[in-house]
1. Mind listing which trypsin sites (Lys or Arg not before Pro) in segment B:177-213 are in a DSSP loop and have 12 or fewer other Cβ atoms within 10 Å?
2. Over what distance in Å are the Cα centres of segment A:134-174 and segment B:132-190 separated?
3. So how tilted is helix A:42-53 from the main axis of chain A? Cα-based, degrees 0 to 90, rounded to 10.
4. If you average 1/r over every pair of different alpha-carbon atoms in chain B and take one over that average, what Kirkwood value in Å do you get?
5. Taking both sides together, what accessible area is buried at the A/B interface, probe 1.4 Å, expressed in Å² and rounded to the nearest 100?
6. For B:Gly238, list long-range residues whose amide hydrogen, built 1.01 Å from N in the peptide plane, is under 5 Å from its own amide hydrogen.
7. Helix check for chain B. Which DSSP H runs span at least 18 Å along their own axis by Cα, with a mean Kyte-Doolittle hydropathy no less than -1.0?
8. Pairing the Cα long axis of helix A:140-149 with the longest principal axis of chain A, what angle in degrees results, from 0 to 90 and rounded to the nearest 10?
Amino acid sequence: MAEKYKVDKDLVRMEIVDFTFPEKEYRTSRHDTVLPYNWALGPTWTRFFDGLKEGKILGTRCKKCNKVLVPARTFCPICYEDMQEWIELPQEGSIETWCLVNYKYYGQVKEPPYIIAQIHLDKADCSLTHFIGGFNLSDPDKVRGKMKTVSRVKAVWSKEKHGDIYDIAHFKPV
Amino acid sequence: MGRAVAVIGTGQTKHGRRDDLSYPDLVREAVKKVFEDAGITPRDVDGVVYGSMPSMMEGVAYNHFYFADALRVVGKPLLRTETCGSTGQSVAHTAIHWVASGMADVILAIASEKENEGDAQATMMTILEPFLQVVIGGAPIAFSLQSREWMGYYHIDDAKAREAASIVSVDSHDGGLANPLAHIRVKLSKEDITNAPIITYPVRFYDVCPISDGACAVIFASEEKAKKICKKPAWVKGIGFRGEEYFIGDSSKAVWQSTIEASKEAYKEAGITNPLKELDVAEVYNPFSYQELMFLECLGLCPPGEAPDYVIKGTFSPGGELPCDPSGGVLCTNPIGAAGLIRVAEAALQVTGKAGEHQVEGAKLALSHAMGGAMQFNGVTILGSEL
Ligand SMILES: [Zn+2]
């Protein structure tokens with residue numbers, strides 16, 4: 001049945017070929033919209049990114065529920081209290097979930113294949129979204145086998161830091 | 001919940017790649033059908049609710065103004081509601097609130113998407129801010145992460161989850177074959193599914209919804225109007241909606257509170273205590289077959305961690321205790337903004353016996369559901385044949 005679909009893996013598109021509309025040539029009209037944005041990071045995320053530049057992963061603690069959240073927050077999403085106590089988190093943690101990204105799409109932040117994971121850093125009360133790397137990802141079945149044995153990971157820093165989330169290159173298995 | 005509300009008509013386009021029609025013409029296809037189905041005219045309508053995905057999807061900001069003529073909204077009040085994938089449920093809820101409040105008697109609800117005019121994944125990248133969570137942009141990534149989290153949390157074996165997800169995909173595609181309006185209409189075997197290329201492990205090609213163009217329109221009316229206009233209305237028995245924190249890592253997505261709480265609220269309002277037993281059919285939002293497994297649990301249709309067992313023994317298959325997505329679901333048709341309203345329309349067709357070839361025999365009580373955002377929103381609407 002697979003031959004009924006035109007599979008364009010680069011775009012994850014399924015296009016059915018056994019259904020056709022009336023044989024008239026309908027035109028489409030191409031227009032692109034490109035808009036520039038400049039996002040204010042505010043004091044909390046500015047300090048969080050400054051921390052990354054210094055090789056530190058910073059979170060903040062809620063004075064009411066005591067939770068430590070990372071990336072650092074200005075306020076607790078549950079208690080709505082200011083989160084002003086800064087905590088430098090350990091750079092090791094456990095993997096909560098992961099997925100191997102094996103297809104391309106517009107606006108993607110990295111050339112596939114790569115692994116995205118939720119990493120629960122020690123002493124944090126939430127998980128952080130980042131990459132898992134440091135080993136060969138070309139064969140999905142081998143990656144699955146390898147990931148079965150991985151539970152603990154450690155941050156690997158980029159050679160050049162720009163004060164952004166990519167200052168952490170990825171997390172590698174410990 | 002205020003006054004009783006009923007669905008008195010539904011209209012859907014033929015879903016698929018609709019390069020044959022401009023976007024307003026596509027919307028009109030659904031609007032014409034809903035008026036034919038309800039047997040009323042735009043003069044009988046008090047207001048219009050519209051929703052879609054973010055405007056970047058098709059590149060026209062305020063597309064509800066672009067379609068003003070097709071929406072039959074000239075000279076009427078218009079509300080726009082938008083909650084990403086759950087938009088269609090939110091549009092229905094806005095219409096239901098409007099009528100239940102007594103501020104209007106007849107409301108036209110419309111949702112649409114023309115995904116092939118833009119780049120769906122690129123649009124989905126703009127749903128997250130670009131500096132902290134952007135790495136999980138792209139729907140398959142977020143939902144694969146969620147599937148693995150769920151499998152890990154309940155120690156569900158890869159092979160068992162794969163087996164169950166394949167059954168979900170086979171059943172949905174069989175539904176699509178029986179639904180002339182579905183986008184993907186093809187017979188698939190379990191082998192077709194397990195041999196398909198991996199998109200984001202464990203999700204394979206046929207575990208993923210298509211990119212569809214389509215629109216759906218539903219007319220909601222007060223009890224008095226419904227009884228006057230419609231021989232067989234579908235009554236709104238209960239609704240529920242919940243949102244969650246922005247950061248995905250802040251809360252569990254395996255025990256998904258927004259789905260659990262939204263459905264509990266809807267069941268309470270509908271007086272349902274055992275949903276698996278009492279419901280006759282469910283239109284569960286299933287853009288990814290693995291995600292449907294998790295939804296079955298969070299919607300309270302089976303015990304937590306046991307969805308694969310229930311799916312494998314056929315509980316949710318055609319002829320099972322609670323057939324799910326007889327229309328083919330989102331796996332076969334996904335004009336995103338409209339997908340949640342299509343679930344409502346399909347539930348209405350089922351409880352009024354108008355679902356044609358994909359009718360679940362004798363269905364009286366139906367659940368419809370949708371999910372949206374970066375795993376942030378869940379909405380449920382329950383419809384029944386009796387007031
Ligand atoms: Zn707190």
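The values are calculated or read from the model by the stated rules, or taken from the named source; none is laboratory data. From a predicted model like this one, the values you see are computed outputs, not experimental measurements. Note that we place each Cβ from the backbone using ideal geometry, even for glycine, and neighbour counts take in every protein chain shown. Side chains included, ligands, DNA and RNA excluded: accessible areas come from the protein's heavy atoms. Shrake-Rupley method; radii C 1.70, N 1.55, O 1.52, S 1.80 Å.
1. Qualifying residues, ordered by number: B:Lys187.
2. Centre-to-centre (Cα) distance: 26 Å.
3. Around 90 degrees separate the two axes.
4. Here the Kirkwood hydrodynamic radius works out to 20.3 Å.
5. Buried area between the two chains comes out at roughly 4700 Å².
6. Residues meeting the criterion, in which the H sits 1.01 Å from N, are B:Ile382.
7. For chain B, where a helix must reach 18 Å along its axis and average at least -1.0, the hits are B:23-38, B:87-100, B:139-153, B:158-178, B:336-351.
8. That helix lies at roughly 20 degrees to the long axis.
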